[in-house]
Amino acid sequence: MASGGIELAFSGKDLRKVYVTGETEVHALRGVDLAINKGEIVVLLGPSGSGKSTLLNIIGGLDRPTAGELSYHGVELSGLAEDELTQYRRENIGFIFQFYNLIPSLTAEENVRLVTDIAEHPMDALEALRMVGLGERAQHYPAQLSGGEQQRVAVARAIAKKPGVLLCDEPTGALDSVTGVRVLEALQRANRELGTTVLLITHNAGIGAMADRVLHFLDGQIARVEENEAPIEPAEIGW
Amino acid sequence: MKALDRKLLRDLWYMRGQAIAIALVLAAATATFVLSVGVHASLTDTRDAYYARNHFADVFASMTRAPRAIVARIGAIEGVQRAEGSIEQYATLDFPDSNVPVRALINSVDEYGHTQLNTVTLREGRMPQAGEAGEVVVDEAFATANELGPGDSVDALIYGSYQKLNIVGVGLAPNYIYSIAPGDLVPDNQRFGIFWMGRRALEAATDRTEAINSLALTLERGASEADVIREVDSILEPYGGTGAFGREDHLSHAFLDNELMQLDAMTRVIPPVFLLVSTFLVYIVLGRMIRTERTQIGLLKAFGYSGAQIGVHYLKFALAIAVLATILGSGAGIWMGQAMTRLYAEYYRFPFLYYHMSWTVFIGAALLSLGAAGLGAYAGMRSAVKLAPAVAMSPPPPPVYRAGAVERLGSLAGFSAIGHMIVRHIARWPGRSAITAFGVALSLGLLFSTMQFMDASRTMLDSYFFRAQKQDMTISFTEPRNADVLHALEQLPGVIRVEGTRGVAVKLSNGNRTERTALESAEADSILSARIDAGGGEIPLPISGIMLSRQLADQLDLSAGDDVFVEMLGGRRTQMMMPVASIVDEFVGARAYAAEATLERIARDAAPVGSALVSIDPAARDDILSGLKDMPVVLGVTERDAALIKFEEIVNDNIFTMMFFYIAFASAIAVGVVYNSARILFSERAHELATLRVLGYHRSEVAIVLLGELALLVIVAVPIGCVIGYWLAQMMTSMFSSDLFRLPFAPTRATFGFSILVILIAALATAALVALRVLRLDMVRVLKARD
């Protein structure tokens, strides 16, 4: 676990995932070993179908590996029952998706409250919105917000429970560079102020520059790990 | 098969749950339609065939006594096709090992064992032979109930003397399809029978040589019944004629007519409710389907399919469900029709009663289902036809939510975020939410309005048997007696109280409205009989003037304070104007009442006792019945308890079958509506539900979003359903009322409660079934798709 002052958040060993659809088998993960430190920003890069999302879903407890082991702070996730996995997500994980997945019938604040309603030590919903610069838009419905604003609501919703881990699947994929940077800044702020571990999938190689480490995926495996001695600010990223 | 039709089949298969749920509601419409129309047709056809084959008369008359020669005079009246005179005589039967009072109505047949009108169909044995004094044919129901058949004999007290009657046959006649003893409310085949006896034998037994007391006649086509009746009455007047009447006043015919009218009322109320709900269901399901298939529609149009082709494609979806429903419903309708026909065969005595279905009924049912489904599909079809391909292929605009009245209410109530999701979704789809609530409300209304008929019969039972009749026995006499007979009855050990009553046949007229009835009276200080108002209150007999039942007052268009022309039929034929003193809201029959003194003024005779009401010590019942057997003046004894038991038997015999059908049919609506709403809700919200799961909501918490919305709609539906039920029940009660009886409208809280419980269980069980899908929600797949 902790070694040399660095605490391990996730540790995975030979993770495999096979999807069987009809008569074809798709090997989404072909033996992934993994060690993610607490408080790290890790970017997952790689072509479509290389296994990034599958890994993120398994880490987030949305899916289970076909084989292999994955532990979170020493707790083996593959052994958890469905309800325990839900509880694990509830307590530890914040998700951010490419298409925001806000509830259209709830205002920005209420979308955040969805999470603060059930979290143990959440921050105030408005405070979370202020953290992403949307304090003024709290009473707006998703349909009244721009894409970037919606994604920042999603970020606020994810960080409001002060999660140990933020899992972001192409959070800027549908955004232009200016709004994309604002979303990344919000993520970075959570990482710095709350000590949240951030795992971020992207197709945008430039984003890798803000990460502590970049995992390069290819054909269901981590092909290469890139250590970043001096991560840059999101605003400096070349889009 | 064309590709589009292949898509249709796959869509149907994919949406089979919803398609079947709609089909079940639509099938209920078809089934109830086929059932009521089919049974109505079967009963009508059977009756008409029976009437024709056995020459059921058109006009009937009875009189004290008339020479047989009068038949020729009647037959000569213009418009009369055939007339026949006969003797009808009540007799008391004596079964040696039982003192249960049994009565028979003996009809004469000619010396060849025949009658020209109302002919007897033999089921067993033969007709009485000429010159054989004691030979009788007995009606089948009585024979069955008392285990009698050819070769058996019974002792009868006819017109004051005992005679042994040998049963030579068992038969049926069209004028006794339904038979009931005078004064009884329900048929009792054990205690009342119809006999047929040779004319000469009956003439001898009743001292009516070459005389008759009953007449039946048929009319020529196009003849005026009213004119003939007037002629008949004037001829019979000197012979104590009590007024001729047509089929509509003939007891057996009227009861059957009443049944047909109820079937007709059922056809007009129940299938339309199901059709309405089906139309709504098709509307919401197809509407949702077209919204989800928007892109496909755009694509098809881009390929060159015309709007009409696409419209027809969706119409076919609805019609396919209707076809399935027609097949299911017709099958169920036939099955229930057969069961109902068998039930009728127990009440109504037909020599044959076939359940048969004509193709027109099926065609009618199919047209109704197709029409309802097509109508429901119309709005969806139109939107599919109008959708421009370019618009269709771009994603639909996001649903716009805003804080409306409902929302402000939600904020006030301090809803959680989940609470807001539920309330705002309802407000976002007001039409569909309204249909869901209205559908559940209709199912509750239908269940309540059918279940409350049990309350109605119980109220009628209570009013008729416990409040209006406090006597244990009603004793009828062979002819009106003077007060001595009451003293004689008082002498019987165990008799506690005796009261005399009488009924005088009268014709009441108001302008050109005329009704025949019996004007009934009770002793001034009567405690055994009462006239009970629908509200349960007792209405005293008026000191002067007459009291009419609501039914009769309505028929004559009279209200309290009006004058009515009273004409005594038979006897002294007194005629006078009398004031209508009061109206009593009774359930049974069109009746008229007057105080004893008033009736004496009309009848002006010395024999004021027509029958006696007796209260007894229950322990002495057997001895009293034996004592009554030895009193030749006693014609019959109606025991209240026996009638009550019989009535309850009839109600209880059918109660479970009826309840099963009521519950099944009403639940079909609730299940169909809730299932479809829940499935649509689930498909619409799958994305949101998956999001909640990802956010760390447990499955049970997520299910609340689904169940909460449905529960809210069902809760809203309950009071609406109660109002609809109340209204439907009122309507059906009035539709089911006839000249014979008026159903009380007396719904109880228990019936409301039971109906609500059944519908809540059906609705919530269905919703829970759909909510189980939350368990299988694939979070990853749902979230990958853009909503």
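Readers should treat all values here as calculations from the given coordinates under stated rules, not as data from a laboratory. Source: prediction; values computed, not measured. Backbone-built Cβ (ideal geometry, glycine too); neighbour counts: all protein chains shown.
Would you work out which of B:G561, B:M1, B:V714 lies farthest towards the positive end of the dipole of chain B? Charges go on Cβ: Lys and Arg +1, Asp and Glu -1. Checked the options; the winner is B:M1. Each Lys and Arg Cβ is given +1 and each Asp and Glu Cβ -1; about its Cα centre, the protein assembly as shown then shows a dipole of about 4060 debye. Averaged over peptide A:53-65, the number of partner chain Cβ atoms lying within 10 Å of each residue's Cβ comes to 2.
Near B:I77: Cβ cut-off under 12 Å, other residues only, Lys/Arg at +1 and Asp/Glu at -1. The net charge is -3. Put in line by how crowded their Cβ is, counting other Cβ atoms within 10 Å and starting with the fewest, B:L256, A:L55, B:L367, B:L442 read B:L367, B:L256, B:L442, A:L55. Based on the Kirkwood approach, the hydrodynamic radius assigned to the range A:10-135 is 16.6 Å, with every pair of different Cα atoms included. The simple Förster model, with R0 at 22 Å and r as the Cβ-Cβ distance, assigns B:L740 and B:T144 a FRET efficiency of 0.35.
Take the Cα of B:D641, step 7 Å toward its Cβ, do the same at A:E69, and the gap between the two points is 8.5 nm.
Across peptide A:85-95, the average count of Cβ atoms from other chains found within 10 Å of a residue's Cβ is 4. Taking 20 Å as the cut-off, the amide N atoms of the range B:28-55 that come nearer than this to a point 7 Å along the Cα-to-beta-carbon line of B:Q116 belong to B:51-55. In this entry, the range B:471-646 is assigned a mean projected area of 10.4 nm², taken as a quarter of its C-alpha convex hull surface. Going by the alpha-carbon gyration tensor, a ≥ b ≥ c the square roots of its eigenvalues, is the range B:129-284 rounded (a/c under 1.5) or, if a/c is not under 1.5, prolate (a/b greater than b/c) versus oblate? Here the range B:129-284 falls in the oblate category.
If R0 equals 41 Å, the separation of the Cβ atoms of B:E124 and B:R604 corresponds to a calculated FRET efficiency of about 0.25. Using the Cα gyration tensor of the range B:492-576, with a ≥ b ≥ c the square roots of its eigenvalues, what is the shape: rounded (a/c below 1.5), prolate (a/b larger than b/c) or oblate (neither)? Verdict is oblate for the range B:492-576. With Cα atoms defining each centre, the range B:244-304 and the range A:170-197 are spaced 58 Å apart in the structure. Please name which of B:P174, B:Y162, B:V100 has its Cα lying farthest along the dipole of the range B:88-206 towards the positive end, using unit charges on Cβ (Lys, Arg +1; Asp, Glu -1) and the Cα centre as origin. Projecting each Cα onto the dipole axis, the largest value belongs to B:P174.
Extending 7 Å from the Cα toward the beta-carbon at both B:Y305 and B:M576 defines two label points whose distance is 8.5 nm. Taking one equal scatterer on every alpha-carbon of chain A, how large is log10 of I(q)/I(0) by Debye at q = 0.14, 0.18 1/Å? With no solvent term, the Cα-only Debye profile gives -0.90, -1.42. When you count the other C-beta atoms within 10 angstrom of each residue and take the mean per peptide, B:507-513, B:375-381 line up highest first as B:375-381, B:507-513.
Each of B:S738, B:S443 was scored by other Cβ atoms within 10 Å of its Cβ. Arranged with the fewest first, they read B:S738, B:S443.
As a proxy for reagent exposure, ranking B:F95, B:F350 by other Cβ atoms within 10 Å from fewest up yields B:F95, B:F350. Counting Cβ atoms of other protein chains within 10 Å of each Cβ in A:112-118 and taking the mean gives 5. Helices in chain B, meaning DSSP H runs of at least 4 residues, each add -39500 (n - 2.57). Divided by all residues, the mean residue ellipticity at 222 nm is -18000 deg cm²/dmol. Label-to-label distance, A:Q87 versus A:E23, with points set 7 angstrom from Cα along the beta-carbon direction: 4.4 nm. The share of Cα pairs per 10 Å bin across the protein assembly as shown, counted from zero up to the longest distance, runs 2, 9, 15, 16, 13, 10, 8, 8, 7, 6, 4, 2, 0, 0 percent.
Rounded to the nearest 5, the antiparallel percentage of DSSP beta bridges internal to the protein assembly as shown is 75%. Values of log10 I(q)/I(0) for chain B across q = 0.06, 0.10 Å⁻¹ run -0.51, -1.04, by the Debye formula with one identical scatterer at each alpha carbon and no solvent. Among beta bridges from DSSP that stay inside chain A, the antiparallel ones total about 60%. Take B:572-578, B:690-696, B:216-222, B:455-461 and order them by the average number of nearby Cβ atoms within 10 Å per residue, most first; the result is B:690-696, B:455-461, B:216-222, B:572-578. First measure r as the distance between the Cβ atoms of A:H203 and B:L367, then evaluate 1/(1 + (r/R0)^6) with R0 = 60 Å and state the FRET efficiency to the nearest 0.05. After rounding, the FRET efficiency stands at 0.50.
Say the cut-off is 22 Å between C-alpha atoms; which of B:K316/B:K386; B:K7/B:K386; A:K13/A:K52; A:K13/A:K161; A:K38/A:K161; B:K164/B:K629 go over it? In this structure, A:K13/A:K161 exceed 22 Å between Cα atoms.
Shape class for the range B:88-206: rounded, because the ratio a/c of the largest to smallest gyration tensor axis (alpha-carbon atoms, square roots of eigenvalues) is under 1.5.
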